[in-house]
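A short write-up of the structure that comes next.
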Amino acid sequence: MGVTIRGAVLHDGWLDAAAQAAMVEDLRGVLAVAPLVRPVTPSGKRMSVGMSAAGRFGWITDSRGYRYEERHPNGVEWPPIPASVLAVWEALCPEARAPECCLLNWYAEGAKMGMHQDRDEADFDQPVLSISLGDEALFRIGNHTRGGKTESVWLRSGDVLVMGGDARLRYHGIDRVKPGSSPLLPNGGRINLTLRVVT
Ligand code: SIN
Ligand code: FE2
């Protein structure tokens, strides 16, 4: 069942080492088609996280704003979501609609993600499911408005976090990644996948 933090359900160690390694191989295939981009926020700041996506839509940001697009900025269609990734959604979100976006966030050493809501989707009744691979990350979750008290948890390689219900619109972010904390990726770093229903 997993532990709950502010309504988000953490299934720690959901993926074993072999499943993590197989998923990383699948993601290398995604990145060969849709390479990582470090996007710029509408205010002009370059994000420290590198991004790509799979599925019908990818989430992007640039000077025109945050949005979902059916193509990578280089013009190619996003590759399909790997079956290994879809299987996690089907196991943990059986009532939900099929995910239309698998956003891939890449955290090299020093990368982080500021507190934000995931709110560019049309249907907030659908959960967001997050998969962590590689180095451990300090995840912070707060409230439905910016500010106030927050709680933090380390997300480890193979952990899956489901943000649905009351947690769906909570502010959350990644404060830091602990270098060298996982043997999964030969050169270190962290991959986070978030599966979303967009329409
Ligand atoms: C996100 O909120 O988009 C990423 C969360 C994470 O990296 O764990
Ligand atoms: Fe998010």
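The values are calculated or read from the model by the stated rules, or taken from the named source; none is laboratory data. What you are looking at is a predicted structure, and each value in this text was computed from that prediction instead of being measured. Here the Cβ positions follow ideal geometry from the backbone for every residue, glycine too, while neighbour counts run over all protein chains shown. Side chains included, ligands, DNA and RNA excluded: accessible areas come from the protein's heavy atoms. Shrake-Rupley method; radii C 1.70, N 1.55, O 1.52, S 1.80 Å.
Here are the numbers for the structure shown:
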read-out: Members of the stretch 134-153 that are outside any loop (DSSP other than H, G, I, E, B) and away from ligand 2 (no atom under 16 Å from the Cβ); value: G134
read-out: Single match in D125, D118, D159, D175 (criterion: more than 10 Å from ligand 1 (Cβ to nearest atom), of a type in the set (D, E) and within 15 Å of the chain's Cα centre (by Cα)); value: D175
read-out: In the stretch 38-74, residue nearest to the chain's Cα centre (by Cα) [restricted to those that are closer than 20 Å to A108 by Cα and in a loop (DSSP other than H, G, I, E, B)]; value: V49
read-out: Filtered residues of the stretch 165-188 (kept if away from ligand 2 (no atom under 13 Å from the Cβ) and of a type in the set (G, A, S)); value: G165, G180, S181, S182, G188
read-out: Leading residue by the ranking (most open to solvent (accessible area, probe 1.4 Å)) among those in the stretch 173-182 that are over 17 Å from G50 (Cβ atoms) and touching a strand residue (DSSP E or B) at 6+ places or on another chain (Cβ under 9 Å); value: K178
read-out: Verdict on S63 being under 15 Å from G29 (Cβ atoms) and either hydroxyl-bearing (S, T, Y) or open to solvent by less than 20 Å² (accessible area, probe 1.4 Å) (or both); value: no
read-out: Residue within the stretch 125-132 that is open to solvent by 40 Å² or more (accessible area, probe 1.4 Å), under 29 Å from S43 (Cβ atoms), modelled with pLDDT of 95 or more and in a strand (DSSP E or B) present; value: no
read-out: The stretch 111-124, residues that are surrounded by fewer than 18 Cβ atoms within 10 Å (Cβ to Cβ) and within 14 Å of ligand 2 (Cβ to nearest atom); value: K112, G114, M115, H116, Q117, R119, D120, F124
